[in-house]
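Have a look at the structure below before the remarks.
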Amino acid sequence: VIEPNPGVYSDVMTADFSGMYPAIIRDFNVGARSWVDADTLDEAVEMAREKFDDESITEDDIVVGVGNEPDGMYTGIQADNVGKARGFFVHPDIAQSEIAQSMDEIESLRKEFKRLKKQASKGSMEWHMRNNQDRGLKVLANTFFGVGASPVHRYYVPGMSENITETGQNLT
């Protein structure tokens, strides 16, 4: 930990990671449908070809989870130096996961409610209604992390929640 130097600073920025987990789920296509339980990238390609009955699947169609390598995240292009990854997901063009698809729909609704909120007079009933809808959808989106982390849920994938949190750690 670096000790802060007291004072007033300019050109300082704060990063907001409030939507990080939903974004990771969406961007990395995390979910049970897209999951390929393999130990190596080569094995993941073969298993994905079998699972989706598609011989044209290549390394570029595999989204590699966070592995034990110090470099963290890998994509299909950089994946040749991956040791043991904690899971692989196929690209959404092969099979979009139910959770990632839900995240897309929730994000689309949130954008619409934000747009409507901007059009309403601040403090009006319409403004408060749209604000509450937006905030409710944000909470809903954040609950999807638990969907993949709970063994009693139909969309549970072993290691998925660890994959999401480690991806977040490597991205920040």
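The values are calculated or read from the model by the stated rules, or taken from the named source; none is laboratory data. Everything quoted here is computed from the prediction, not taken from an experiment. A quick note on method: Cβ atoms are made from the backbone with ideal geometry, for glycine too, and the neighbour counts reach across all protein chains shown. Quick note on the areas: whole protein, heavy atoms, side chains included, nothing else; ligands and nucleic acids left out. Shrake-Rupley method; radii C 1.70, N 1.55, O 1.52, S 1.80 Å.
Taking all protein chains together and rolling a 1.4 Å probe, W127 ends up with roughly 50 Å² accessible. Straight-line cross-link reach from K51 at under 30 Å between alpha-carbon atoms covers these lysines, not counting any fewer than eight positions away in the same chain: K84.
Taking a straight Cα-Cα cut-off under 19 Å and skipping sequence neighbours fewer than 8 places away in the same chain, the aspartates and glutamates within cross-link reach of K138 are D16, D27, E98, D104, E105, E107, E112, E126.
By the gyration tensor of its Cα atoms, with a ≥ b ≥ c the square roots of the eigenvalues, what is the shape of region 123-170: rounded for a/c under 1.5, prolate for a/b over b/c, or oblate? Walk me through the numbers on the way to the answer.
Working: a/c = 7.08, a/b = 2.31, b/c = 3.06.
It is oblate, given that a/c is not under 1.5 and a/b is not larger than b/c.
Each peptide among 154-167, 136-149 gets the average number of other Cβ atoms lying within 10 Å of its residues, and from highest to lowest they stand as 154-167, 136-149.
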